[in-house]
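Note sheet for the following structure.
The values are calculated or read from the model by the stated rules, or taken from the named source; none is laboratory data. As the structure is a computational prediction, the values presented were derived from the model and not from experiment. Please note: Cβ atoms are built from the backbone with ideal geometry, for glycine as well, and neighbour counts cover all protein chains shown. For the accessible areas, the whole protein counts, side chains as well, though only heavy atoms, and no ligand, DNA or RNA atoms are used. Shrake-Rupley method; radii C 1.70, N 1.55, O 1.52, S 1.80 Å.
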Amino acid sequence: MRLALDQARLAARGGDVPVGAVVLAADGTTVLATGHNEREAGGDPTAHAEVLAVRRAAEAIGEWRLSGCTLVVTLEPCTMCAGAITQSRVDRVVYGARDDKAGAVGSLWDVVRDRRLNHRPEVVQGVLAEECSELLTEFFRER
Ligand SMILES: [Zn+2]
């Protein structure tokens, strides 16, 4: 999560909402990929930290299935990212701050644990939550 927080800070530097993500390999320690929000930087509405990290992780291992992998992200994923998470088949999602306005992993929706889907990753929430949300609060306060 510390690494994801570093990524989040990079996003803010480029004028993007500070959200950062990391994909860990099946061993739980090897970093396969990182990502941070690049919506403003790249003019791409889908360039959320999780989507970029998942894409890069798949590139790194040379296949789209991220079975066994863990996605660590500073903010609860939105519906798009929750979709990318189920499509990528990561086995674990760890997130920091809850997103009561758009969260799709337990707050507004719980897409990744919907029993109608046949791939449902394990979810761990609230890791360094205060630090993750403080970064967002600061960013929006400055705007
Ligand atoms: Zn998202």
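Determine whether Val123 is open to solvent by less than 70 Å² (accessible area, probe 1.4 Å) and assigned to a strand (DSSP E or B).
Answer is yes for this residue.
When you scan region 70-83, how many residues do you find that are surrounded by 24 or more Cβ atoms within 10 Å (Cβ to Cβ) and more than 10 Å from the chain's Cα centre (by Cα)?
Adding up the residues that qualify gives 0.
Which of (1) touching a residue at least 60 places away in the same chain (Cβ under 8 Å); (2) in a strand (DSSP E or B); (3) not aromatic (Phe, Trp, Tyr) is the odd one out, the single condition Leu32 does not satisfy?
Going through the list (1) touching a residue at least 60 places away in the same chain (Cβ under 8 Å); (2) in a strand (DSSP E or B); (3) not aromatic (Phe, Trp, Tyr), Leu32 breaks only (1).
Out of (1) of a type outside the set (D, E, K, R); (2) surrounded by 15 or more Cβ atoms within 10 Å (Cβ to Cβ); (3) in contact (Cβ under 8 Å) with a residue 40 or more places away in the chain, what's the single condition that is false for Ser67?
(2)
Taking region 106-116, which residues are surrounded by 14 or more Cβ atoms within 10 Å (Cβ to Cβ) and in a loop (DSSP other than H, G, I, E, B)?
Within region 106-116, Gly106, Ser107, Leu108, Trp109 meet the criteria.
Hey, can you tell me all the residues within region 42-95 that are more than 9 Å from the ligand (Cβ to nearest atom), among the β-branched types (Val, Ile, Thr) and part of a loop (DSSP other than H, G, I, E, B)?
Once the filter is applied, which keeps residues that are more than 9 Å from the ligand (Cβ to nearest atom), among the β-branched types (Val, Ile, Thr) and part of a loop (DSSP other than H, G, I, E, B), region 42-95 yields only Val90.
Does region 126-137 contain at least one residue that is at pLDDT below 95 and either among the hydrophobic types (A, V, I, L, M, F, W, C) or assigned to a helix (DSSP H, G or I) (or both)?
No, region 126-137 has no match at all.
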